[in-house]
Structure formats: C-alpha cells, structure tokens
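Report on the structure given below.
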Amino acid sequence: MRVELQFFGAARHVTGSKHLLTVDGKRILLDCGLVQGPRAMANAANRELPFDAKSVDAVVLSHAHIDHSGSLPRMLRDGYRGAIHCTAPTRDLAEILLADSAHLQAQDLLYLKKKGRVDRDAEPPYDNEDVGATIRAMRCHSYGSRFDVVPGVRGEFFEAGHILGSAMVVLHISGREREIRIGFTGDHGRKGTPILRDPARLPPVDYLITESTYGDRLHESSEELEDALCRVVLDEIRDGGRLLVPAFSVGRTQNLLYTLGNLTAAGRIPRQRIWVDSPLSTKATKVIASHREQFDDETRAILDQGRDPFFFEGVRFVQDVQESMSLNGARDGIIISAAGMMEAGRILHHLKHSITRPEDCVLAVGFMAEGTLGRKLVEGFEHVPIFGERYRVRCKVRQIRGLSAHADWRELISALRPLAPTCKHAFVVHGEETPALKFCDRLRDVGFEQVTAPVQRQKFELV
Ligand SMILES: [Zn+2]
C-alpha cells in the first residue's frame, strides 16, 4: 500500500485549505478553500486550481467557511464529478455562502475590468450554475457514522464546535495488517460557545493534520458575553443613542441574537428594537434555526420552554435596501450588520450616520485584522475614512474581547495531547508561519515525535 499527503493551501497560511491524500492511486481532497487576502494575490491564486480537478476521486469537507469550501465550484467547473462528503448543516450553509462568494467575485471582476486591470473577456472563477452543481454533489453524513470515501477508505465526522455543522474528520484506511487512521481537525472550536456543542475528542490516529490559527497565542480571559453585552446595552439606553454591532453573518450574528434574547427573557435588559441588517445574515440565521438537532443542551432547553433563540419579539430581519436606508432615522435600538470588520456592506452606511453622534456606540465583538476600518476604530483613531470621506470619530467605541471561534494554543494542545502516543507524524497547517512553527514546538513538548509545518506543495510519503 502507498499513502501520500500533499499540501496545496493553508500551508503556513490561514486560507485556501486544500490537502490531497493519495491512497493506492485514489485521490481524496480534504477541503477546497478559496485563498483570501490582498486582491491581486487572491485573484491569481483562485483563478486556477493547483491540481487537475478531474484526477480527484472524492472530496471531504470539514465546514462551510469560504476559506475551506470556496473553490469547490471551481472543481465542478473544471470537470470534477465525484462526491463531496459533509454534514447536512455544512451543505445548507455552503449553499448560501458559495452563492454569495460567486456574486462577490463577479462584482470584483467587473470592477477590475472597469479599471483595465484584467482582460475584457476574463471570466470569474465560477458562477451560480457551478454552485448549484456543487451542492448537488454533496453527500451528507451525521457525526459518528462511517461512510465510504473511495474503495478501502471510510470517513467519519466528529463535532468540531467551530460553526454549525463543522467537523473534524478521521479517515480509516484498511491496510494489509491493520487499519491506518488519519485525523484532520478542520477548524477547531472552543468549549462553551453559545448554541454549539463542545468539540468532541478525536480517537487515536496514526497521522494528524491540525490547524494552528492561534498556535502562538492565548485568548484574553473571555469576558462573559452575557454580562459584557448587558452592560453595553444598559449604558446605551442611559446615553439615549443606538448601538451598531458589525458581525459576521454565520456564527457571531446568531450568538448576539441568542444572548440578547437571554438577557431580555431574564429581565436584565428592557425589550429593545433589534435589526439584523444583512441579507446573508438573515439567510444564515434561517439555516441555523432549521438545524435545531445540532444545538447544545442550553439552546435546546430554551426551545423546550417555547422560546425562539433568534426570532423573538423586537427582532426584525431587514432585507431590502429601502428598509435598510430607513434605519438612518432610528436613533435608538441595536443594529447588527455585516461585514464583520467594517470593510464593506451596509454597516458602513449606518456608521456614517452614527460616527459623529457622541450618544451612539460601535461595539466590536470580533477579530479586526490589521488595516481594516474596524481595527482603526478599536485602536482609537481620531479620524477615519468612510466611502472616501474623512470623519471625526465622535461616537463611542467599545469592545468585548476574547470571543473567538478557534481554540487558542493551550486549548488545542489539551484537545490533541491524548493523540501523541499513537501519532507517527503531525502536520501543522492553517496558521501563519510564526504561529504554525510555534505550535510545532508545543506539540513536540507534549510528546508528538515527528511534527512538520509543511510549505505549499510539499509532499510526504506516509506508508
Ligand atoms: Zn472556519
């Protein structure tokens, strides 16, 4: 038997996850993510796949985030005709996220054509038809039930606790003498995340592919989201302004609704008008609400009491642009809108109206990357640009820290440590160079014998 593993993305990087496993000539792709980052680099990287799509026999998808799923439609466009194995919530979330991604890429191309930076006949990497074909190729499996991937290889999903439907994967390869097991963490979540179940423990494996997003960092002691949010909302009611919360469509938006619902039900805050102003967030909330079988015990208990964690009195999901614009007149209440780092989207229109009002408040609840408008606000810039105009920041800016969908290094080590005795080789991916290399050391510290942070295209013979 011959087993090889080659890394085509998220190698000393956090986006574009693509790990190709070859078992006796059969090729299994773990994730097929879009490269995200500076436009020129991302465009070039996403226009062509780094391998022949037709040569792949099966795809196993860990979760719906675009940096893990966003190049799948390109596979279909290039002639891939095999199955894509995932969980049911991953399929449903991928359907809306991939459609959104196709739309964004078409828009981007139009812009680049207008600027004369690409050929006039250039095509986007994929369109809606390719997205449709991708969704039809998906085969859904529950956690803990084994499924056939290629002859001699069975797959099994384990709860990853990162977003709804997120999975860690174990591939069971039937060998001549014994089974060989390869584990893949996908993106590993944290215990105690609202709505989601805690990450499961992986069974013993012979080889491990692990993420390392926070391989060199510890999360700040996470403030209790409920207490922190309660304080911010009560202060805002006292100040007589409105609260703007930039939030990612999948995950953070639902966490906020869930927490605001709990605070209201417990009488800790008076009933507020809450607008979710993002078509994608609205769709994502509906998908997540339709998978209540995936919720943790606390969220199920709320449902059992007859209370809806997302669609409760006072919450309004804004769809059309007209209604979104009418929110300009809203002087109190809470507006949850995308994009999460305030780089684009409807949140910018709301910010334009709030930025000069000292009674209003922007609440940052997510990671703000270097250079983004969100980062400038939390760093206390006196002036910021919005749609090319310079504004003096007069509103309040507050932050709730320690909320993350990824485990930090200590949490990840405590989850993976039990695998050290059987693991022959651990591969560290999905981390920038420094965290990835640092996390290699941490794995060695707890007894992993052979540890590598592969570089792009690096290939390993496992068996
Ligand atoms: Zn993810």
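Coordinate-derived values only; no laboratory data. Given the structure is predicted, the values throughout are model-derived calculations rather than measurements. Note: ideal-geometry Cβ built from the backbone for every residue, glycine included; neighbour counts use all protein chains shown.
Data table
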item	result
Global geometry of the chain, whether rounded, prolate or oblate, following the gyration tensor of its Cα atoms and the 1.5 cut on a/c	prolate
Peptides 144-150, 187-193 ordered by average Cβ neighbours within 10 Å, highest first	187-193, 144-150
Over the chain, relative contact order from alpha-carbon pairs under 8 Å, at least 6 apart, %	19 percent
Region 346-463: relative contact order in percent, alpha carbon pairs under 8 Å with at least 6 residues between	21 percent
Cα centroid separation - region 359-418 against region 258-333, whole Å	22 Å
Linear extension gain, Asp127 paired with Val378, 0.36 nm per residue minus alpha-carbon span	86.7 nm
Relative packing of 292-299, 398-405, 30-37, which averages over residues the other C-beta atoms within 10 Å, highest first	30-37, 398-405, 292-299
Rounded if a/c under 1.5, otherwise prolate or oblate - region 238-377, Cα gyration tensor axes	prolate
Gyration tensor (alpha-carbon) shape descriptor, region 49-116, a/c threshold 1.5	oblate
Other-chain or far-sequence residues with amide H under 5 Å of Ile355's (modelled H)	none
Charge dipole of region 184-329 about the Cα centre (unit charges at C-beta), most positive-ward option of Phe312, Pro246, Thr299	Phe312
Local electrostatic count, Leu104, Cβ distance below 13 Å [Lys/Arg +1, Asp/Glu -1]	-3
Value of [θ]222 nm, deg cm²/dmol, for the chain, DSSP H segments ≥ 4, -39500 (n - 2.57) each, nearest 500	-9000 deg cm²/dmol
Karplus-derived HN-Hα couplings along region 195-204 (A = 6.51, B = -1.76, C = 1.60, θ = phi - 60°), whole Hz, x at Gly and Pro	6, 8, 6, 5, x, 7, 8, 6, x, x
Percentage relative contact order, region 225-399, counting C-alpha pairs under 8 Å, at least six apart	30 percent
Magnitude of the charge dipole, region 180-248, Cβ model with Lys/Arg +1 and Asp/Glu -1, debye to 20	300 debye
Student exercise, region 225-399 dipole from Lys, Arg, Asp, Glu Cβ charges, in Debye to nearest 20	440 debye
Net +/- balance of residues flanking Asp445 in space, Cβ distance below 11 Å, scoring K and R +1, D and E -1	+3
Net charge, Arg27 excluded, C-beta distance under 11 Å - Lys, Arg +1, Asp, Glu -1	-2
For Arg12, distant residues with modelled amide H under 5 Å away	His430, Gly431
Ranked packing of 64-74, 226-236, most packed first, by mean Cβ within 10 Å	64-74, 226-236
For region 225-399, with +1 on Lys and Arg beta carbons and -1 on Asp and Glu, the positive-most of Ala228, His383, Ala289 along the dipole	His383
Distant-in-sequence amide H partners of Val315 (H built 1.01 Å from N, under 5 Å)	Ile274
Debye, to nearest 20: dipole size of the chain, +1 on Lys, Arg Cβ, -1 on Asp, Glu Cβ	500 debye
Dipole axis of region 57-120 (+1 Lys, Arg; -1 Asp, Glu on Cβ), positive-most option in Ile84, Ser69, His103	His103
